[in-house]
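Note sheet for the following structure.
The values are calculated or read from the model by the stated rules, or taken from the named source; none is laboratory data. Here the structure is a predicted model, which means the values were calculated and not measured. Neighbour counts are summed over all protein chains in view; Cβ atoms, including those assigned to glycine, are modelled from backbone coordinates with ideal geometry. Remember, those area values only see protein heavy atoms, side chains included, never the ligands or the DNA or RNA. Shrake-Rupley method; radii C 1.70, N 1.55, O 1.52, S 1.80 Å.
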Amino acid sequence: MSIDASFEKVITVARNAFNSGKTRPLSFRLAQLRKFVKMMEESRTEIQHAINLDLRKHKLEVTLYEIEGIIHEAKVFIDNLKSYASPDVLPFNLLAALDKGMIEKVPFGVVLILGAWNYPFLLSLQPMIGALAAGNSVVLKPSEVAPHTAQLMAEMITKYLDPECYHVIQANPEETQHLLKYKFDYIFYTGSSNVGKLVMQAASQHLCPVTLELGGKSPAYIDDNSDYEIACKRVLWGRYANAGQTCIAPDYLLCSKKVETEFVKCAQTIVKEWYEGDAQKSQSFTRIISERHCLRLKNLLDTTRGKIVLGGRVDVQDLFVEPTIVVDVALDDPLMMEEIFGPILPIVSVNSIHEAIDIVNSRPRPLALYSFAKNSKVNNDFKDKTISGGVCIGDTMWHCVWNGLPFGGVGNSGMGRYQGKSSFDTFSHHRSVLDRSMSPLSEKLGEARYPPYNDTKINMFTFIIRHFLKFDVTAGPIFTHILAFLIGAGIIALIAWA
Ligand code: NAD
């Protein structure tokens, strides 16, 4: 079967399943979410193994970020699905006094999820939980760059979840271009900005809505008045976890020369301690995903005009890049021209928080922003005078752990958000529904809208709009509710009598 024929077959099965109404009942979605949890719990060993083959990631990182995080998200959905899915019923309004207005959360239809390789399970399955819970059929295309995890995901989903509603397609970039020609009802993409543009272009052919979870250069600022040791550990953890292949890793550090000296001294001790003297031999240090990316990082180190003060070793055959710090980095240095996505931390020295703010504002909007200062005014300045997808004060990456906080970028770092309830909302169309009364009283009340028009009708509607429309009773004191109700009842009686 040709690749196009096989895509068409999968999409048709997913669409027919959606159109059959199978995914609509909450009981079905809850049953699938429970199976999802079972799938993750019963596949721990296989997941560890597959991710180890793709990235040589320590099982602590796999357990926390790729297994427990996903199980937690699915359980949050199981506990809260009823409340997430319940319609928002509108309050009493004089123009619709006998009617019922509500905002329903309905699924889009068939959702395409394009995953990335750096956290291969998390970045494919976390959005899938939201899409499934919102009642969509899902076609998941994991990244081909992590082939063992992509294969395992396909096997797991086929074995545990409904085979008509949820599908995994394995495809390389060229094949993915073909896939993107088909009509989906929503596309959720995680990856680079360049491919993000292609996805958005393809989606525009079908006027298909998209969420783009992209990357970029996320800055960290350490103030002169800060706890250097804690700040150093937290910045290095963000930079070196998963060998720096994290979209929200602190990409470069902004600080004074004084902080830089302390930071580097501290980092030399910490790195030795964390990776037991040699990161290449340490089980706690992940490898770079491919030779191409390893050579890209090597080239950055070969061409930088900055000074390497920690690490710097690259072993392409072993896909290893040593935890590295580079100082005296100029803003036009190769290290500052693209997202590093590896364990290299450039330090750009600044003389003040204002200079740091100007640097951030002169660049594309970052996905995350980190600030370490004892004085909250400095942290607030850095936060309030810049724009970023998210902010974490006093740490790096920790804002993603809490799934009450929506995750997403802005500008070049993406559009849209997910995690917890925000995932449910992303994958739901918020449909306005008005259930109008067809009673004779309702008809009488609305009669003035019909021709022939005259000045009395104009005056009456103008009066109602100006004075009574504001009684859209959402909250406020009980007095307002009673007053609105009495006025409404009075008008209804008056018009009915007339
Ligand atoms: P990528 O864009 O190369 O790949 C992501 C997905 O797009 C994969 O499924 C891949 O098969 C597909 N793809 C690749 N080329 C394609 C093409 N020409 N046409 C159609 N589809 C194509 O991204 P990557 O290299 O896997 O990831 C690195 C980037 O992703 C970094 O910039 C990183 O910051 C970003 N990222 C962002 C997040 C986030 O949540 N915001 C998470 C992880 C990675």
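Looking only at residues in the range 122-173 that are touching a residue at least 24 places away in the same chain (Cβ under 8 Å) and among the hydroxyl-bearing types (Ser, Thr, Tyr), the one that is nearest to the ligand (Cβ to nearest atom) is SER143. Per the listing SER439, SER413, SER376, SER423, the residue uniquely among the polar types (S, T, N, Q) and closer than 30 Å to ASP302 by Cα is SER413. If we scan the range 193-210, do we find a residue that is touching a residue at least 60 places away in the same chain (Cβ under 8 Å), open to solvent by 20 Å² or more (accessible area, probe 1.4 Å) and among the hydroxyl-bearing types (Ser, Thr, Tyr)? Within the range 193-210, one or more residues are touching a residue at least 60 places away in the same chain (Cβ under 8 Å), open to solvent by 20 Å² or more (accessible area, probe 1.4 Å) and among the hydroxyl-bearing types (Ser, Thr, Tyr). Pull up the range 190-215, narrow it to residues that are at pLDDT below 95 and touching a Ser or Thr at 6+ places or on another chain (Cβ under 9 Å), then point me to the one that is farthest from the ligand (Cβ to nearest atom). Only one residue fits best here, namely SER193.
Yes/no matrix, rows are residues, columns are (1) open to solvent by less than 70 Å² (accessible area, probe 1.4 Å); (2) in contact with a strand residue (DSSP E or B) (Cβ under 8 Å, 6 or more places away or on another chain); (3) not basic (Lys, Arg):
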| residue | (1), (2), (3) |
| --- | --- |
| VAL13 | yes, yes, yes |
| SER20 | no, no, yes |
| SER27 | no, no, yes |
| MET39 | yes, no, yes |
| ARG44 | no, no, no |
| HIS49 | no, no, yes |
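Yes/no matrix, rows are residues, columns are (1) over 21 Å from CYS232 (Cα atoms); (2) open to solvent by 30 Å² or more (accessible area, probe 1.4 Å); (3) aliphatic (A, V, I, L, M); (4) not assigned by TED's automatic domain parsing to the domain that holds LYS272:
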site	(1), (2), (3), (4)
CYS294	yes, no, no, no
ASP315	yes, yes, no, no
ILE325	no, no, yes, no
ASP328	no, yes, no, no
ASP332	yes, yes, no, no
PHE341	no, yes, no, no
PRO346	no, no, no, no
SER349	no, yes, no, no
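Scanning the range 231-258 for residues that are within 16 Å of the ligand (Cβ to nearest atom) and assigned to a loop (DSSP other than H, G, I, E, B) yields GLN245, THR246, CYS247, ILE248, ALA249.
If PHE424 meets every condition in (1) among the aromatic types (Phe, Trp, Tyr); (2) surrounded by fewer than 17 Cβ atoms within 10 Å (Cβ to Cβ); (3) more than 16 Å from the ligand (Cβ to nearest atom) apart from one, which number is that one? Tallying (1) among the aromatic types (Phe, Trp, Tyr); (2) surrounded by fewer than 17 Cβ atoms within 10 Å (Cβ to Cβ); (3) more than 16 Å from the ligand (Cβ to nearest atom), PHE424 fails exactly one: (2).
Filtering the range 94-118 to residues that are open to solvent by less than 20 Å² (accessible area, probe 1.4 Å), within 16 Å of the ligand (Cβ to nearest atom) and out of contact with any helix residue (DSSP H, G or I) (no Cβ under 6 Å at 6 or more places or on another chain) leaves LEU112, LEU114, ASN118. Is there a residue in the range 126-142 that is in contact with a helix residue (DSSP H, G or I) (Cβ under 9 Å, 6 or more places away or on another chain) and open to solvent by 30 Å² or more (accessible area, probe 1.4 Å)? The answer is no; no qualifying residue exists. With respect to being open to solvent by less than 20 Å² (accessible area, probe 1.4 Å) and either more than 16 Å from the ligand (Cβ to nearest atom) or farther than 15 Å from PRO343 by Cα (or both), TYR228 falls outside the description. Within the range 239-252, the set of residues being out of contact with any Gly (no Cβ under 8 Å at 6 or more places or on another chain) and farther than 11 Å from ILE344 by Cα comprises ALA241, ASN242.
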